[in-house]
Amino acid sequence: MNHKPPVGSEPVEDPASPSTSSGRTEISSLLDVNDLRVAFGGKEVVRGIDFQIAPGEKLALVGESGSGKTVTALSLLRLLPEAGVSGTAPFAGSDGTSDLLALPERKLRGIRGRDIAMIFQEPMTALNPLYTIGDQISEVLQIKLGLGRGAALARVIELLADTGIPEPAQRVSAYPHQLSGGQRQRAMIAMALACQPKLLLADEPTTALDVALRGQILDLLDGLQQKHGMAMLMITHDLNLVRRFASRVIVMEAGQIVEQGPVAQVFANPQHPYTRSLIDSRPVRDVQEAPAGGPPLMQARGLRVAYPVPIPGLRGWFRRGEFVAVQGADFTVPPGRTLGVIGESGSGKSTLALAALGLLPCRGELRVDGRAWQRRPALDKPLRRMVQVVFQDPFSSLSPRLTVEEIVGEGLTIHAHSLSKDELKTKVERTLEEVGLTESQFPGLLQRYPHEFSGGQRQRLAVARALIVEPRLIVLDEPTSALDVTIQKQVLLLLQRLQRERGLSYLLITHDVDVIRAMAHEVLVMKNGEIVESGPVSTLLDAPAHPYTRSLVQAAA
């Protein structure tokens with residue numbers, strides 16, 4: 001077949017394959033996708049793309065949200081019932097070569113999970129909460145391979161052990177909510193590899209994980225890929241992941257392939273402007289290196305946060321135990337500066353943020369502008385205006401039932417209720433303009449709802465909601481982890497500009513070392529609820545003293 005590769009693309013070369021008279025190397029393909037088109041309601045979102053995957057190859061498909069990369073993968077397995085799909089996709093499966101896009105549903109069901117498996121982005125939503133991990137994985141083995149229940153359960157334990165889940169014989173009886181994020185993702189991988197597929201489609205398999213777990217999952221996938229000799233199509237917007245994992249990369253923009261080739265070549269010499277913009281999207285440091293002076297805006301000494309937990313057995317009838325999430329934390333947030341808090345999932349950093357917001361009871365000393373939280377709404381109202389928050393996922397933190405005007409202006413109805421309706425509207429418009437959202441860009445902006453905006457635009461709405469009451473400190477809880485790299489860079493530049501112009505202080509919670517390096521003045525490193533290291537950002541990240549800090553920095557490299 002004649003393919004017309006996009007600018008900068010390179011054919012996959014197989015040293016064992018003979019070259020044609022034209023100089024092109026013939027490719028022994030596991031999957032050969034030709035003129036793939038996907039449309040919803042007559043509107044094409046994937047527009048005539050061609051690519052191939054060789055046996056055992058690790059191919060990355062990259063692009064921002066909306067580029068069509070996930071739709072491409074789902075359409076190959078025909079998991080988009082409402083979509084119109086055309087083109088051809090010959091696949092060399094166990095029963096011979098067949099076109100995935102032309103197969104009857106009954107035969108395609110035989111390929112799904114057996115020859116082609118998929119790891120979805122968010123394991124908590126992909127796994128059934130009503131069934132144990134063991135039941136969900138053994139179901140695949142019983143249906144696809146015809147194993148009996150006992151043999152399937154024994155195989156599940158082996159699979160969980162292969163993926164590094166501790167005590168696999170006990171974990172088979174666990175429900176998804178009883179596992180950590182990394183363990184749930186490992187269970188999803190075990191399910192996908194149950195039938196030793198020829199091709200694994202991995203849709204953002206590490207996006208929801210912290211940097212150390214991300215490295216562990218990549219190492220796991222790499223080892224299992226080599227062990228089983230399967231090919232992998234990795235769908236991601238994480239360019240560090242692509243550099244580390246893939247041998248070849250395809251770049252998608254607006255439903256089209258704009259560039260493809262070996263990873264080293266594309267990253268060293270990108271040909272398309274969009275590829276260059278992705279590669280240049282690492283967070284940039286543009287903060288005011290103001291000297292720390294004056295009394296701290298927030299100060300904690302010996303901060304301790306604990307959750308009650310049941311005690312098994314008879315003792316639990318008379319008293320309850322406790323889980324200490326934060327132990328003995330000391331920190332200060334100076335005016336106009338950023339304190340970054342970094343650590344893995346479960347390290348206690350989000351609990352620390354909730355305590356700083358006065359949303360969790362705590363022991364020790366915690367003061368905001370010299371005053372302690374009373375945990376009584378009337379008494380804490382002045383501090384509530386002084387300390388605001390921007391959460392990780394703007395889609396879930398913004399009410400879908402409120403308009404932009406109601407969402408952004410809600411704080412003023414509480415903290416500045418003397419404003420007239422016109423004055424409130426004017427202040428909302430000015431604050432939205434300050435974060436880069438204007439009526440000229442979005443006609444009818446104030447009456448729109450959150451679902452009408454992109455992820456980056458929704459996060460700007462969340463920032464505007466926090467800004468409108470003129471706080472002095474904003475707690476940023478993973479403010480960019482749910483965003484594409486280019487949008488992440490834009491939001492960070494916005495936060496940096498607002499800090500310079502307004503003199504804001506930030507308490508930044510993140511697992512992203514690059515975000516810490518770009519935003520923070522001082523850093524706390526947390527592990528198992530304790531601060532293991534702290535200091536100025538340049539000193540701590542360039543010459544970390546604690547082994548745990550070194551592991552975080554190395555995992556992000």
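For segment 403-467, what log10 I(q)/I(0) values come out of the Debye formula at q = 0.19, 0.23 1/Å, with one point per alpha carbon and no solvent?
Cα-only, vacuum Debye calculation for segment 403-467: -0.64, -0.94.
Students often forget the sequence filter, so: which lysines lie under 20 Å Cα-Cα from LYS58 once same-chain residues fewer than 8 apart are removed?
In chain and number order, the partners are LYS69, LYS198, LYS227.
Give me P(r) over segment 199-273, computed from all C-alpha to C-alpha distances, binned every 5 Å, as integer percentages.
For segment 199-273, the binned pair fractions read 3, 13, 25, 25, 18, 11, 4, 0 percent.
Residue by residue through segment 363-372, which ³J(HN,Hα) values in whole Hz follow from phi under the Karplus form 6.51 cos²θ - 1.76 cosθ + 1.60 (θ = phi - 60°), with glycine and proline marked x?
10, x, 10, 9, 10, 10, 6, x, 10, 9
Report the dimensions of segment 296-421 along its three principal axes from the alpha-carbon atoms, largest first, rounded to Å.
That gives 60, 36, 31 Å along the principal axes, largest extent first.
Between SER247 and GLN178, what is the label-to-label distance in nm when each label sits 7 Å out along the Cα-to-Cβ direction?
Going by the 7 Å Cα→Cβ label model, 4.1 nm.
Could you put GLU204, GLU365 in order of accessible surface area, largest first, with the 1.4 Å probe and the full protein assembly present? Walk me through the numbers before you get to the answer.
Values: GLU204 10, GLU365 75 Å².
Final ranking, largest accessible area leading: GLU365, GLU204.
Sort ILE311, ILE189 by accessible area with a 1.4 Å probe, largest first. Intermediate results must be reported in sequence, preceding the final value.
Details: ILE311 30, ILE189 0 Å².
Result of the area sort, largest leading: ILE311, ILE189.
Starting from the amide H of GLY56, placed 1.01 Å from N in the peptide plane, find each other amide H under 5 Å away whose residue is 5 or more places distant or on another chain.
Counting only residues 5 or more places away or on other chains, the set is ALA231.
So what's the back-of-envelope 222 nm ellipticity for the chain, counting only DSSP H runs of four-plus at -39500 (n - 2.57) apiece and dividing by all residues, rounded to 500? Please report the intermediate quantities before stating the final value.
Values: 21 runs with 202 residues, N = 557.
Theoretical 222 nm ellipticity from helices: -10500 deg cm²/dmol.
Grab the alpha carbons of segment 326-386, take their convex hull, and tell me the volume per residue in Å³.
Working: hull volume 5.9 nm³, N = 61.
Each residue corresponds to 96 Å³ of Cα convex hull volume.
May I ask you to derive the FRET efficiency for HIS228 and GLU167 from their Cβ-Cβ distance with R0 = 25 Å, giving the value to the nearest 0.05? Please report the intermediate quantities before stating the final value.
Values: r = 24 Å, r/R0 = 0.96.
That pair, HIS228 with GLU167, gives E of 0.55.
Take the alpha carbon gyration tensor of segment 228-378, find the square roots of its eigenvalues, order them as a ≥ b ≥ c, and report rounded if a/c is under 1.5; if not, report prolate when a/b exceeds b/c, else oblate. Spell out each step's value before the answer.
Details: a/c = 3.74, a/b = 1.70, b/c = 2.20.
It comes out oblate by the Cα gyration axes.
Tell me, what ³J(HN,Hα) does each residue in segment 142-152 have, in order and in whole Hz, if you take phi through Karplus 6.51 cos²θ - 1.76 cosθ + 1.60 with θ = phi - 60° and put x for Gly and Pro?
6, 6, 7, 10, x, 6, x, 4, x, 5, 5
Pull out the extension gain between GLN196 and ARG371, defined as 0.36 nm times the separation in residues minus the alpha carbon to alpha carbon distance; nm, one decimal. Could you put the intermediate results ahead of the total?
On the way: separation 175, 0.36 × 175 = 63.00 nm, distance 5.97 nm.
Between GLN196 and ARG371, full extension yields an extra 57.0 nm.
Go through segment 249-259 residue by residue and turn each phi into a ³J(HN,Hα) via Karplus (6.51, -1.76, 1.60, θ = phi - 60°); whole Hz please, and just put x for glycine and proline.
Whole-Hz 3J(HN,Hα) from phi for segment 249-259: 10, 10, 10, 10, 9, 6, x, 10, 7, 9, 6.
With labels modelled as points extended 7 Å from the Cα through the Cβ direction, what inter-label distance (nm, one decimal) is found for ALA102 paired with SER418?
Between ALA102 and SER418, the simple spin-label model gives 7.7 nm.
Ignoring ligands, DNA and RNA, how do THR413, THR338 rank by accessible area with a 1.4 Å probe, largest first?
On the way: THR413 80, THR338 0 Å².
Largest accessible area first, the list is THR413, THR338.
Note down the relative contact order for the chain as a percent, whole number, built from C-alpha pairs under 8 angstrom at least six residues apart.
Values: 1062 pairs, mean separation 81.9, N = 557.
About 15 percent, as a whole number.
Taking all pairs of distinct Cα atoms, average 1/r, flip it, and tell me the Kirkwood hydrodynamic radius of segment 101-211 in Å to one decimal place. Write out the running numbers ahead of the final one.
Details: mean 1/r = 0.0703 Å⁻¹.
With all distinct Cα pairs of segment 101-211 included, I get 14.2 Å.
Over the chain, what number does the Rg to Rh ratio reach, with both radii from the alpha-carbon atoms and Rh per Kirkwood? Write down the numbers at each step before the final one.
Numbers: Rg = 25.8 Å, Rh = 25.9 Å.
Rg/Rh: 0.99.
Given the Cα-Cα distance of MET124 and ALA151 and 0.36 nm per residue of separation, how much length would full extension add, in nm? Before the final figure, lay out each step's value.
On the way: separation 27, 0.36 × 27 = 9.72 nm, distance 2.65 nm.
Once the chain is fully extended between MET124 and ALA151, it gains 7.1 nm.
The values are calculated or read from the model by the stated rules, or taken from the named source; none is laboratory data. Everything numeric here is computed off the predicted structure, so don't read it as measured data. Glycine gets a Cβ as well: all are built from the backbone with ideal geometry, and neighbour counts include every protein chain shown. Note: areas computed on protein heavy atoms with side chains; ligands, DNA, RNA excluded. Shrake-Rupley method; radii C 1.70, N 1.55, O 1.52, S 1.80 Å.
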